[in-house]
Every structure is written in C-alpha cells, then in structure tokens.
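Structure record follows, encoded as structure tokens.
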Amino acid sequence: MVREALFRPWLKRFLLIFLPSMVGVSVILVVLGLIERKANLRMLEAREAVQVSASLTVLESDVRRVVSDLLLLESLPAVRHYLNGGGAGTLDELAQCFEGMMRVTGLYDQVRLLDVSGREVLRLNWVEGRAVRVPAAALQDKSSRYYFSDAIRLAPGQVYVSPLDLNIEGQAIEVPYKPTLRVAKPVFNSEGRAGGVLVLNYLANEMLEDFRLILRGEARAMLLNREGYWLNAPDPADAWGFMFDRGPSFAERYPDVWARIQANSSGSVLNKDGLFTFSAYLPLRSGQISSTGTSQASGASQAVVSQLDYRWTVVSFIPREQLEVQLLRGERFSPLWWALLGVTVLLGSALLAYLWLARQQAVLALRDSESRLRAVTDALAEGVVVLDRRGAIAFANPEACALLFRSLKQLTGHPWSDFVVDAEGRPLECRMDKVLTQGQRILMREVHLARDDGDRLPISMSVSPLPGVGGGIAGAVIAFHDISERLEMIERLRLANAELDDLAGSDGLTGLANRRRFDNYLAQELLASRRAHSPLSVIMIDIDHFKDYNDRHGHPGGDEVLRKVARVMATIVNRPRDMLARYGGEEFVAALPETGAAGAMRVAENLRRAVEGLQIAHGASSVSPWVTISLGVACFDGQELGERPSVLLAAADNALYRSKRGGRNRVSGCQSVPTAFAFSSDAADEVSGE
C-alpha cells in the first residue's frame with residue numbers, strides 16, 4: 001500500500017516532465033549543431049584575442065624600455081658637461097657611456113648625438129656584436145632626415161618616436177633590412193639653450209621575432225602601421241610596402257576588415273576570407289610625439305602625428321579553409337548522440353520525478369527539524385543570528401533580540417554591519433566580507449553592539465560560514481554573548497595590579513619611591529634625555545651623623561626624622577616628571593629631568609636649607625645643633641656622561657663624598673659640571689644670586 005501510494009505521484013510527475021522534454025529536445029537537436037558551431041567560433045575568437053593581447057605586451061615593453069634608455073642617456077653627467085662647453089675629453093667620456101649602454105642592452109643599431117645643425121657629433125654603430133665608434137671623418141649630416149627636423153623642434157621634456165620603418169644608410173635602404181624605431185630628444189645646456197639631439201636607432205628585429213613567437217600556431221601573425229601597411233606579414237614580400245611604394249597594402253586587400261579596425265580599438269571580423277582578430281596599440285605616452293616620416297632618403301615629414309593617431313595594429317588571421325577544419329574538428333554530434341540524448345531524457349525524467357518526491361519528503365522532515373532547532377536556539381543563553389549571503393539578518397533567537405533591544409521583525413532584512421562596531425565605533429564590514437566571500441571563520445573577542453537605546457554593549461562574537469546546498473556559501477552563523485561583566489572584572493584586576501605595583505615601588509616608611517622604582521625611572525629618563533639632547537640632573541642626599549642620632553634618640557625617633565625630612569624635601573622636588581626616592585637607610589636621591597647643573601645646584605641648596613629649617617635637635621652632630629643634610633649634584637647634558645644610569649649616580653655620589661669631606665651640611669657639584677660648586681650655609685646668598 002505504501003509503495004502504491006508513492007508510485008502514483010511519481011508517475012504523474014514523470015509524465016509531466018518527460019512529454020514536454022521530448023518535444024523540447026526535438027527542437028533543440030535541430031539547432032544544437034548551429035549553437036555548438038557558434039560556440040566553437042567564439043572559443044577561437046577568445047583564444048586568438050588572448051594571443052593578440054599577449055603580443056601587445058611585448059611591443060609595449062620594448063617601446064617603454066627604449067624611451068627609458070633615452071631618458072637615462074640624457075641624464076648622464078657627461079651629456080651635461082659636453083653641452084655646457086666640455087672639450088674633446090668630454091666627448092670621449094660620452095662615447096664610453098654610449099658604448100656601455102649598447103654593450104649591456106644589445107638592442108641598438110646606432111646611438112648618436114647630433115648638433116643643432118643636424119650634423120653627427122658622435123656616433124656608435126653595433127657591428128658584429130660590439131659597439132664601434134665612427135671616426136670623425138665618417139660622421140654624416142642628418143639635417144635632411146625627418147627625425148632630426150621633427151625632434152629639434154620639441155620642447156624640453158618631450159620625446160620624439162619615429163614610425164617603425166627600414167633603416168636608410170648612404171641614401172639607400174640598408175640591406176639586409178633593418179626594421180628600425182628611432183627615438184630622439186633635444187638636449188639643453190644649463191642655460192636652457194638647445195645643444196643638439198640624442199638619437200637611438202632601436203633594432204626592432206628582436207621585438208618582431210618575439211611578436212611572431214607569441215602568435216605562432218595555426219593563425220597568421222600580422223602587424224600593421226597607421227596607414228594599413230604590413231610591418232610584419234605572413235608573406236615577407238608584403239612587408240614594408242610603404243618603403244618601396246608598392247602594394248597592395250592590408251587596407252587595400254581587405255578593405256572591409258580595415259574599416260572595422262579603423263572604427264574599433266579591438267575586435268574580430270569573420271568574412272569570406274576567414275577570421276581576423278585585431279587589437280590596436282598606441283605606443284606614445286604623455287609628452288611623446290611622432291610624425292608621418294618619409295620613405296625617401298631625405299625630406300621632411302608630411303605632418304605631426306598625435307598620441308591617439310600613432311598606432312600599430314596586431315592582427316591574427318585564420319584563413320577560411322583552415323577555419324572550417326577547426327570548426328568541424330570541434331563538432332561532436334552524430335546519430336548515436338541523438339539516441340543517447342533520447343535515453344538521457346527518459347532516465348533524467350525518471351530521476352527528476354524521484355528527486356521531486358524525495359524533496360517533498362525532505363521538506364516535511366526539514367520543517368520538523370527547524371521546529372526542534374528553533375526550540376534549542378530559543379533556550380540558549382547567548383545570542384544567535386543567521387545572515388544571508390548579502391550579510392542581512394534572516395533569523396535571530398530571543399537572546400539576540402534582547403541584547404539588541406529589538407524584535408525579530410525589526411532585525412530581519414537589516415545588515416548585521418549596522419549593529420556591530422569596534423571599540424571606536426567603526427563598522428566591521430571588511431571582516432564580515434571575509435566570511436561571506438572567502439569562507440573564513442573569525443573570532444572577535446571584543447566588539448560592540450550598537451543597541452536601540454543608543455548604548456554600545458561589549459560582546460564576544462564568533463562568525464562561521466553557512467554552507468550552501470551547492471557547496472558555496474549561503475550566509476553566516478553568528479554566536480555572541482555579553483562580556484561587560486568580564487571586562488569589568490578585568491578592569492578591577494588591572495587596577496589592583498597597578499596598586500600592587502605602586503606599593504612594590506614605594507618605601508613603606510616615608511611613602512617615597514624606593515630604590516628599585518627609582519632605578520627603573522632613571523634608566524627611562526636617561527634615554528629620553530639622550531634622545532632630546534636635554535639635561536638630566538641627579539642629587540644624592542645623606543642625613544649628617546644619622547647613626548649617632550639613632551644611637552642617642554633610638555630608632556623610632558630616627559624613623560620620625562626620616563619621615564619629616566622626606567615630607568619637607570617632597571615640597572621642593574615636586575614637578576610632574578621629578579622624582580624623590582629613599583635610596584637606602586638615611587640616603588635619599590632626587591632626579592630632575594630637563595634641569596641643568598646650575599638649576600640642580602639651586603634645588604639642592606633649597607633642600608639643604610629646608611631640612612636645616614626644620615630645626616630638629618641633634619645633640620650628637622658635630623656640624624650643627626640641628627639635623628642637617630649633605631648633597632652631591634651630577635648633571636648629564638645629553639652627551640657627555642656615558643650611557644648607563646650607574647655612571648650618573650656614581651658622579652653624584654662622588655660629589656656627595658666631597659660634601660662630607662668638606663665638613664657636611666653643604667652642596668657639591670661633580671667635576672663634569674662646568675663650574676665645581678661646593679656650598680655651605682655661608683654660601684647660601686651666593687647660590688640664590690646666580
């Protein structure tokens with residue numbers, strides 16, 4: 001019963017597919033051969049277009065290289081020296097430069113320098129694999145050649161590129177033929193006066209050979225000039241016809257094709273002769289000029305040719321007979337094909353009917369699966385969003401709606417990038433594109449949701465590509481959760497660690513920085529002082545006869561003295577970048593960035609006076625009835641004191657030692673300070689007056 005219930009809908013679907021398909025196939029088989037023939041022709045056109053494009057790359061590369069070499073020669077100091085009045089020695093130096101370039105490149109038949117009248121001043125010929133300088137007696141007058149008259153008129157910075165033609169030597173076309181492209185440029189001395197013309201005769205044989213190699217095969221390679229004459233032809237007798245005033249040219253032999261070439265920069269033409277595939281190349285760039293030239297041994301160009309008018313055209317030609325062979329080679333239809341296609345339609349219709357039935361059953365199963373999946377996502381404690389392939393929201397579970405303060409209806413169809421930003425509020429479209437286009441899976445530990453209430457909620461988000469039925473990417477699945485509590489905990493931990501670091505760097509008795517913190521601080525400030533070439537001063541401070549004070553008044557009394565001394569000194573060493581530290585026992589140290597020796601000495605004297613002004617009784621002192629301090633000052637001027645903090649501290653300690661040896665209760669400067677200072681209480685007025 002189950003099989004019969006399934007068979008009837010299958011048979012109905014099979015007939016609905018098979019009968020119309022057979023009618024359609026009967027029509028398709030009639031035109032299929034024509035379609036395939038047209039497709040094969042398009043494939044041939046595409047193949048030939050690729051080869052033509054590749055050949056253009058060869059032409060463009062060679063022309064650019066020749067122009068670059070000309071500009072390089074112009075920039076040589078030897079050229080400038082010669083133009084500014086250098087003698088014969090400069091010409092020899094210039095000849096060596098020409099010879100070096102010809103030898104290295106191997107591209108040039110001639111390199112010449114002509115004076116403003118058109119006479120050759122220097123000329124090197126490429127003969128049997130080496131550059132040969134032409135003797136002065138053999139130098140020629142080229143004033144009647146078109147390339148000189150066209151180039152000498154150019155402004156500074158302009159380059160003349162001649163037509164590609166055959167080289168003329170001694171009033172006749174040189175044999176064997178030398179296809180030549182002449183690139184010329186007027187050169188100017190330091191005062192801006194024209195001093196002549198630099199001319200490179202580029203031997204184009206290698207370029208044309210590379211061109212033929214790329215287009216080798218069944219097609220025939222052609223290169224045409226702007227008038228439609230062959231520069232390269234399948235039959236060598238057709239090439240260079242304009243040099244010998246003979247025809248017919250390509251334009252005369254194939255006028256319909258030439259008309260299409262004139263009207264379009266690239267394309268294909270199919271006519272009775274065969275398939276022509278062409279593409280134009282414009283050799284001239286900004287600042288480059290050409291002319292019509294002349295095929296005569298002398299004479300001026302008929303007209304200047306602009307950048308858009310100077311063009312070569314690459315043509316690939318497959319004759320009609322050869323084209324038919326290639327098209328027939330690609331046809332695959334036969335009576336057996338017809339029979340196989342009929343059987344295929346029959347089997348395909350049966351399979352499609354079966355797949356339709358299976359799909360109907362799968363849809364029912366999918367709906368049941370979706371219901372269960374929706375129940376799971378609704379129960380999740382994190383937000384889940386499904387995007388389509390455009391990045392728009394297609395589904396969002398209740399937790400996602402709650403975190404975004406929006407309903408599912410408000411979210412559906414809106415791009416996910418409208419809601420998620422980085423910490424600075426910038427959209428994350430570029431990263432989402434990597435998932436939707438490249439299939440990458442990304443994890444973003446901290447981004448922000450732009451919620452409907454205007455607030456930004458920190459979240460952690462993972463984005464995974466959603467595979468499509470055909471193997472592509474149908475969209476993306478995003479899972480995210482609120483991390484605001486975790487960020488708050490991290491911030492509390494950071495503050496606690498900062499507090500611990502502060503406690504670890506403080507002296508427990510006086511509240512000042514301890515020695516470890518001061519040493520780290522001094523190393524950083526010393527580097528900053530060296531980079532900025534600014535002074536940095538250090539003051540070493542010691543309480544006079546503090547051990548005797550402890551012996552008489554006890555350690556609690558001594559601790560109180562340390563605290564009082566620290567408090568009063570902290571009121572003086574109080575700039576934002578200054579640091580006062582307890583360096584050990586009764587010893588203190590102060591660092592004063594951007595403070596020179598004289599300023600540090602004044603600060604030190606102020607410290608000495610402030611401590612003495614506390615008038616803390618010290619019956620065991622041989623210096624004063626009050627508690628006093630001795631100080632040593634050292635200054636790093638950004639250059640002289642070495643590269644280690646210990647050097648600066650040692651200098652200050654030596655100055656402190658001199659204060660103690662000099663009777664205590666005084667300030668001493670180190671020997672590296674321009675003036676050696678030793679202050680006592682009697683010298684206070686002198687310090688204040690500096």
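The values are calculated or read from the model by the stated rules, or taken from the named source; none is laboratory data. What you see is a predicted model, and the numbers here were worked out from it, not measured in a lab. In this analysis, Cβ positions are derived from the backbone assuming ideal geometry, glycine residues included, and neighbour counts consider all displayed protein chains. When the accessible area is computed, the model is the full protein with side chains, heavy atoms only, and any ligands, DNA or RNA have been set aside. Shrake-Rupley method; radii C 1.70, N 1.55, O 1.52, S 1.80 Å.
Numbers for the structure displayed
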{"item": "Heavy-atom accessible surface of the stretch 600-660: percent carbon and sulfur, 1.4 Å", "result": "47"}
{"item": "Alpha-carbon centroids, the stretch 283-324 and the stretch 58-78: separation in whole Å", "result": "20"}
{"item": "Check: the chain dipole with +1 on Lys, Arg Cβ and -1 on Asp, Glu Cβ, in debye", "result": "1840"}
{"item": "Inter-site label distance for Glu169 and Asp273 at 7 Å from Cα along Cβ, in nm", "result": "3.5"}
{"item": "Folded to 0 to 90 degrees: helix 515-532 orientation relative to the chain principal axis, Cα", "result": "50"}
{"item": "Cα-based Rg of the stretch 247-353 normalised by 2.2 N^0.38 Å, two decimals", "result": "1.90"}
{"item": "Probe 1.4 Å - accessible area at Asp653, Å² to nearest ten", "result": "70"}
{"item": "Accessible carbon and sulfur surface of the stretch 8-140 relative to its total accessible area, %, 1.4 Å", "result": "63"}
{"item": "Cβ-based charge dipole, the chain, positive-most Cα from Met102, Leu308, Gly24", "result": "Gly24"}
{"item": "Over the stretch 481-575: Kirkwood hydrodynamic radius from C-alpha pairwise inverse distances, Å", "result": "16.9"}
{"item": "Reference-scaled alpha-carbon Rg (2.2 N^0.38 Å with N residues) for the stretch 108-211", "result": "1.08"}
{"item": "Extension reserve of the Asp548-Glu99 stretch, reckoned as 0.36 nm per residue once the Cα distance is removed", "result": "152.4 nm"}
{"item": "Ellipticity estimate at 222 nm from DSSP helix runs (n ≥ 4, -39,500 (n - 2.57)) divided over the chain, nearest 500", "result": "-15000 deg cm²/dmol"}
{"item": "Efficiency of FRET from Cβ geometry, Arg193 and Ala138, R₀ 30 Å, rounded to 0.05", "result": "0.60"}
{"item": "Candidate lysines - alpha carbon under 21 Å from Lys547, same-chain residues fewer than 8 apart omitted", "result": "Lys564, Lys660"}
{"item": "Candidate residues Glu209, Glu399: accessible-area rank, largest first, probe 1.4 Å", "result": "Glu209, Glu399"}
{"item": "Helix 429-438 axis, angle to the chain major axis (alpha carbon atoms, nearest 10°)", "result": "50"}
{"item": "Degrees, to the nearest 10: 484-504 long Cα axis against longest axis of the chain", "result": "40"}
{"item": "Relative compactness, the stretch 193-301, computed as alpha-carbon Rg over 2.2 N^0.38 Å", "result": "1.24"}
{"item": "For the chain, the fraction of alpha-carbon pairs in successive 20 Å shells from zero, as %", "result": "13, 18, 17, 26, 19, 7, 0"}
{"item": "Mean Cα-pair separation over length for the stretch 89-173, i.e. relative contact order, pairs under 8 Å, 6 or more apart, %", "result": "19"}
{"item": "Model label zone, Met489; criterion: amide N under 17 Å from point 7 Å along Cα-to-beta-carbon; scope the stretch 382-412", "result": "382"}
{"item": "Nearest-10 value in Å² for the accessible area of Arg253, using the 1.4 Å probe", "result": "100"}
{"item": "Proximal lysines relative to Lys178, as straight alpha-carbon distance under 27 Å, when same-chain residues fewer than 8 apart are discounted", "result": "Lys142"}
{"item": "Peptide ranges 115-126, 310-321, 9-20 listed from the most packed, as the mean C-beta count within 10 angstrom indicates", "result": "310-321, 115-126, 9-20"}
{"item": "Cα lying deepest toward the dipole's positive end in the chain, options Met540, Leu41, Gly508, charges on Cβ", "result": "Leu41"}
{"item": "Heavy atoms of Val132: accessible area, 1.4 Å probe, square angstrom to 10", "result": "50"}
{"item": "Positive-end residue, the chain charge dipole about Cα centroid, Cβ charges, pick of Gly669, Ser286, Val647", "result": "Ser286"}
{"item": "Heavy-atom surface of the chain, accessible at 1.4 Å and reported per residue (Å²)", "result": "51"}
{"item": "Centroid-to-centroid separation of the stretch 180-232 and the stretch 512-591 [C-alpha atoms, Å]", "result": "81"}
